[in-house]
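Chemist: Below you will find the structure I want to go over with you.
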Amino acid sequence: MSRIAIIQRPPVLLDREASLERALQSVEEAAATGAELVVLPELYIPGYPSWIWRLAPGRDGALSSQLHARLQANAIDLGAGDLQPLCQVARERRVSLVCGFHECERRLGGGTLYNSVALIGTDGELKNHHRKLMPTNPERMVHGLGDASGLRVVDTPVGRVGCLICWENYMPLARYALYAQGVEVYLAPTYDSGEGWLCSMRHIALEGRCWVLGSGSLLRGRDIPADFPGREQLFADPEEWINDGDSVVVDPGGKVVAGPMHREEGILYADIDAARVAPARRTLDVSGHYGRPDIFDLKVHRNPAQALRFVDDC
C-alpha cells in the first residue's frame, strides 16, 4: 500500500514565488503524514487563468494584455531552474511530486506559454515533463500546443504513473497512449469539476483498470489578490466559488475511495495499491487482449516539430 496526497488549496494568483511557497508548505505537510506521492493541480504556479472565461473580446483587450504580461513574468522556465525549490523538497522528503504550471522559455526569448505538468522523482530529478496537447476553448489565447514528447508513463515507488491535463482526458487516443505503457496510477490535474467530470474519472478507472487521481483546482473570490488587475470587474464577489475543486481518488474497479472534496480547502489522502491493477485487467485489458492489434494500430509521434532556424550562409 502507498499513501498519496492531493493538494486542494488555492495558489497566490499571478505570483510565482508566493505560489511556490504555498506548494512547498503543502508538500511538507503531506510528507509528514507519510505520503509517497503528492499531486498539485493544473497550472498551480502561478494559478489557472480563470479570467479568460470572463473577458469580452475587444472590450477587454487592454486588461487582457495586462493580465497576460503579468502571467508571463511569473511563469516557470525549467531551464532557469525555477522548479528547483520543488525538486529540493522532493529529494529531502523522498516523495514523488507532480505539479502543474505555466511554462515559458525566457532564456530563449520565447513569448509562448504552455500548460505543463512536471513529475519530480524522490531523488529530486525531473522524470517527465508534459505539455497539454490542446488548450481548451479560450485557453488557446494563452497557451501554445503541446506535443507527445512527454506523453509517457514513469516508474515510481507507488507504481507506474502517467498524467493527462484536464480535457486531454477526453481524448481517447491520448488515454490509450498511457494505457499502452502500462499506467497503474493515472493522474488528472484539472480545472474542471462537477458531476460530469467525476463520472469521467470513474469511467477512466473502469476503462483503464487503473487508479485514477483527479486533482481539482479550488478558488474563491476572496482568494483573488487585492492587486489583481481588474479584480472588481472580474471577481467582485468575495463569497463566489469560482471553482469547486472536487478532487477524487477512484480504484481500478471504478469505486470512489476518497472524495470528492467539494468546496473544501485541504489535502485529500488515500491509500492505494498498484498490485490491484494487473488482476483487474484479467477481464478487461484495453491495450492487451482487448486491444485487437490485428485490427487497430496507434502511432504516437513523440518528436516535436523542429523549430525554424535562421541560417547565416555568409
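We did not get these values from a lab; they are worked out from the coordinates using the rules stated. Every value quoted in this text rests on a predicted model; they were computed, and no experiment measured them. Glycine gets a Cβ as well: all are built from the backbone with ideal geometry, and neighbour counts include every protein chain shown.
Chemist: Which is the longest part of the chain that has none of the trypsin sites (Lys or Arg not before Pro) sitting in a DSSP loop with at most 14 other Cβ atoms within 10 Å?
Modeler: 95-254
Chemist: Using each residue's phi in the stretch 229-236, evaluate 6.51 cos²θ - 1.76 cosθ + 1.60 at θ = phi - 60° and report the 3J(HN,Hα) Karplus result to the nearest Hz, with x for Gly and Pro.
Modeler: These are the phi-based 3J(HN,Hα) values: x, x, 4, 5, 6, 9, 9, 6 Hz.
Chemist: Would you kindly derive the ³J(HN,Hα) couplings of the stretch 87-92 from the backbone phi angles with the Karplus curve 6.51 cos²θ - 1.76 cosθ + 1.60 (θ = phi - 60°), listing them in order in whole Hz, with x for Gly and Pro?
Modeler: Karplus-based 3J(HN,Hα) across the stretch 87-92 equals 4, 5, 5, 5, 5, 5 Hz.
Chemist: I would also like to ask the following. Which value in nm describes the separation of the simple spin-label points at CYS199 and LEU126, placed 7 Å from the Cα toward the beta carbon?
Modeler: 3.8 nm
Chemist: Rounded to two decimals, what is Rg over Rh for the stretch 46-90 when you use alpha-carbon atoms and the Kirkwood radius?
Modeler: Rg divided by Rh gives 1.16.
Chemist: Provide Rg and Dmax in Å for the chain, with only Cα atoms included in the calculation.
Modeler: 19.4, 66
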